[in-house]
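Contents: one structure, followed by commentary.
The values are calculated or read from the model by the stated rules, or taken from the named source; none is laboratory data. Quick caveat: nothing in here was measured; it's all calculated off a predicted structure. Counting neighbours? That spans all protein chains shown, and the Cβs are built from the backbone with ideal geometry, glycine included.
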Amino acid sequence: MAKASDVKSGNILRFNGELVSVEEFLHRTPGNLRAFYQARMRNVKTNKLVEYRFRTDEEVEICRVETNDYQYLYEDGEFLVVMDNTTYEQFNIPKTLFGDPVRFLKEGMNVIVAFESDEPIMAQIPSHVELVITYTEPAVKGDTSTNALKYATVETGVEIKVPMFINQDDKVKVDTRTGEYVERVK
């Protein structure tokens, strides 16, 4: 157990039985009152925001979290199987930890997974990925002069909007957070 004064932004705490990530941790000394720490924390599993005031001598549990790069191998039901690049050990990570961007994940990509005592608590894929267009309608001559968009299916099966000049078998860069087309890759 540690004192509240040892906590820093970015720490993972066990707070009311749940794991929370500390986003903001401020020391407050209001006029003639006792000093306290104002914390804004986000629940790791539910993503809900929690605000709490810690006394300066209050004990908190700072969790030891190990974050590492892993290679995505394949999907196994509700889990994704990833491999440690140094030890070649494989882990099953729940799909829900990756959130919505998991639909842009393809085999062989590197992902980041955080473990707290052998339990995966956070996972993320790269913010931008390069994918090949597997199907799109050909552009009609004259439509390319405006900023018109058309639908295209990428190799992971997701449909995104791309400019008219993009053709089938082109490689494009996609923002995984928004699902939007960024640029064509040469």
Within the stretch 156-186, can you find the residues that are surrounded by fewer than 13 Cβ atoms within 10 Å (Cβ to Cβ) and not in a strand (DSSP E or B)?
G157, F165, D169, T178, K186
When you scan the stretch 89-132, how many residues do you find that are within 16 Å of E78 (Cα to Cα) and in contact with a helix residue (DSSP H, G or I) (Cβ under 7 Å, 6 or more places away or on another chain)?
5
Of D100, D118, D170, which residue is among the charged types (D, E, K, R) and under 14 Å from the mean Cα position of the chain (by Cα)?
D100
For the stretch 41-104, which fully contained strands (runs of 3 or more DSSP E) count at least 1 residues that are acidic (D, E) and not assigned by TED's automatic domain parsing to the domain that holds G157?
49-55, 59-63, 65-76, 79-84
If you go through the stretch 2-13 one residue at a time, do you hit one that is crowded, with 17+ Cβ neighbours inside 10 Å, without any contact (Cβ under 8 Å) to a residue 40 or more places away in the chain, within 22 Å of the chain's Cα centre (by Cα) and part of a strand (DSSP E or B)?
no
Look through Y88, Y70 and report the one residue that is more than 30 Å from A2 (Cβ to Cβ), at pLDDT 90 or above and aromatic (F, W, Y).
Y88
All-but-one check, V111 against (1) touching a Pro at 6+ places or on another chain (Cβ under 9 Å); (2) hydrophobic (A, V, I, L, M, F, W, C); (3) exposed (fewer than 12 other Cβ atoms within 10 Å of the Cβ), failing number (3)
